Amino acid sequence: MVSATLSFSILSIIVAYRRLFYLAAEMPHVSFLAVTIGILVSYYIARGMEIPISIAIGLALVYVVGYMIHKRIEPSIATSIFVGSATSLSVIAAYFVLTRIPVAYSITSLIIGDPLLVGFSDILACIIILIITLTAFVLTYHEQASIGLDEVAVRIAGVDTRIYNFIAYTLLGLNTVGMLKIAGYIMEHVFILMPPAIAFALSKSYKGAVYSAVLSGIFSSLLGLHLSIVFNLAPSGTAGLIMLLLYVGILVVRKV
């Protein structure tokens with residue numbers, strides 16, 4: 001769970017500086033569809049390849065949204081259309097899997113998330129995604145921040161912003177699909193959107209925001225996991241609640 005939270009915290013900084021909140025908030029819908037179809041495809045075509053198939057489908061879907069935005073379609077309209085269709089298709093796909101395919105498939109684990117029940121392949125996927133996310137962040141965070149502040153000026157300077165858009169969309173797809181079983185469909189919103197809120201409430205510098213987001217994410221996940229074991233609670237939900245309490249506490253202290 002720590003690796004998932006750390007990866008989400010790093011991703012959340014890119015989301016915040018690139019102002020991709022509208023897309024990040026809708027990605028869990030896409031990830032649920034991708035994982036459901038991945039289970040279906042892996043059963044009929046490639047047994048044991050559920051995770052890579054799901055990630056490939058999720059990336060393809062997020063690239064479609066990115067292409068629509070690139071073609072100057074209003075982002076809110078593009079995401080609304082896509083989420084509507086993705087949600088409908090995910091319900092159909094989930095029903096088909098539950099009623100037609102004899103595989104161990106728990107909708108509860110996908111919706112709520114449970115890091116205590118994930119397998120070795122899920123843990124390995126999380127570690128790989130974390131490494132990719134961290135590497136991409138270290139290599140591109142200056143450019144991502146600059147594009148978020150003034151994309152036109154960056155283009156005038158000769159930078160091909162399409163590359164960095166591609167990286168941002170790829171990281172969104174990788175994290176939301178690859179971490180779905182751990183974070184859960186519901187709590188992915190929190191793990192992506194809360195760390196930057198905490199970071200910007202604490203820090204005024206870019207580096208300070210990165211450190212604050214990462215540390216708050218790790219602290220929340222570790223404490224949430226401990227409390228969930230002690231009190232028999234949902235780990236991801238407990239961690240999300242701790243993030244919320246941290247944010248509220250910071251606002252109260254700042255006003256005092």
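The values are calculated or read from the model by the stated rules, or taken from the named source; none is laboratory data. Source: prediction; values computed, not measured. Every residue, glycine among them, receives a Cβ derived from its backbone with ideal geometry; neighbour counts consider all protein chains shown.
Points to keep in mind about this one:
- Pair list, Cβ < 7 Å and 6+ apart or interchain, from segment 95-110 residues that are modelled with pLDDT under 70 to residues that are among the hydrophobic types (A, V, I, L, M, F, W, C) and outside any helix (DSSP H, G or I): S109/L117
- The C-beta contact set for segment 48-75 (first residue in contact (Cβ under 8 Å) with a residue 12 or more places away in the chain and of a type in the set (S, T, Y), second residue assigned to a helix (DSSP H, G or I) and buried (at least 16 other Cβ atoms within 10 Å of the Cβ), distance under 6 angstrom, 6+ apart or interchain) comprises S54/A34; S54/V35; S54/G38; S54/V177.
- Among (1) of a type in the set (S, T, N, Q); (2) loosely packed, with under 13 Cβ neighbours inside 10 Å; (3) in contact with a Phe, Trp or Tyr (Cβ under 9 Å, 6 or more places away or on another chain) - the single one S31 does not satisfy: (2)
- Residues of segment 154-206 that are surrounded by fewer than 20 Cβ atoms within 10 Å (Cβ to Cβ), of a type in the set (A, V, I, L, M, F, W, C) and within 13 Å of the chain's Cα centre (by Cα): I186, L193.
- Only residues that are over 19 Å from I81 (Cα atoms) and touching a helix residue (DSSP H, G or I) at 6+ places or on another chain (Cβ under 9 Å) were counted across segment 38-66, and they come to 17.
- Residue within segment 33-49 that is basic (K, R) and modelled with pLDDT under 85 present: yes
- In the set Y22, Y43, only one residue is aromatic (F, W, Y), in a helix (DSSP H, G or I) and under 27 Å from A209 (Cβ atoms); that residue is Y22.
- Checklist (1) exposed (fewer than 13 other Cβ atoms within 10 Å of the Cβ); (2) in a helix (DSSP H, G or I) applied to P102, failing item: (2)
- L139 vs. criteria within 29 Å of V210 (Cα to Cα), under 15 Å from the mean Cα position of the chain (by Cα), part of a helix (DSSP H, G or I) and modelled with pLDDT of 80 or more: no
- Against the conditions (1) in a helix (DSSP H, G or I); (2) of a type outside the set (D, E); (3) under 23 Å from I129 (Cβ atoms), A201 satisfies every one except (3).
- Lone qualifier among I77, I53, I14 - being within 12 Å of the chain's Cα centre (by Cα), part of a helix (DSSP H, G or I) and among the aliphatic types (A, V, I, L, M): I14
- Looking at L223, L171, just one residue is in a helix (DSSP H, G or I), on the phi < 0 side of the Ramachandran plot and without any contact (Cβ under 8 Å) to a residue 40 or more places away in the chain, and that residue is L223.
- Number of positions in segment 226-256 that are within 19 Å of I10 (Cβ to Cβ) and without any contact (Cβ under 8 Å) to a residue 24 or more places away in the chain: 1
- Of all residues in segment 226-237 being over 18 Å from the mean Cα position of the chain (by Cα) and in a helix (DSSP H, G or I), the one that is surrounded by the most Cβ atoms within 10 Å (Cβ to Cβ): S228
- Checking V190, V154, V210, V159 one by one, the residue that is closer than 30 Å to Y67 by Cα, aliphatic (A, V, I, L, M) and not in a helix (DSSP H, G or I) is V159 and no other.
- Cross-chain or 6+ apart pairs with Cβ under 7 Å, segment 13-32 first and at positive phi, then at pLDDT 80 or above and part of a helix (DSSP H, G or I): R19/G148
- Condition met for M68 (under 21 Å from I163 (Cβ atoms), in contact with a Ser or Thr (Cβ under 8 Å, 6 or more places away or on another chain), part of a helix (DSSP H, G or I) and modelled with pLDDT of 80 or more): no
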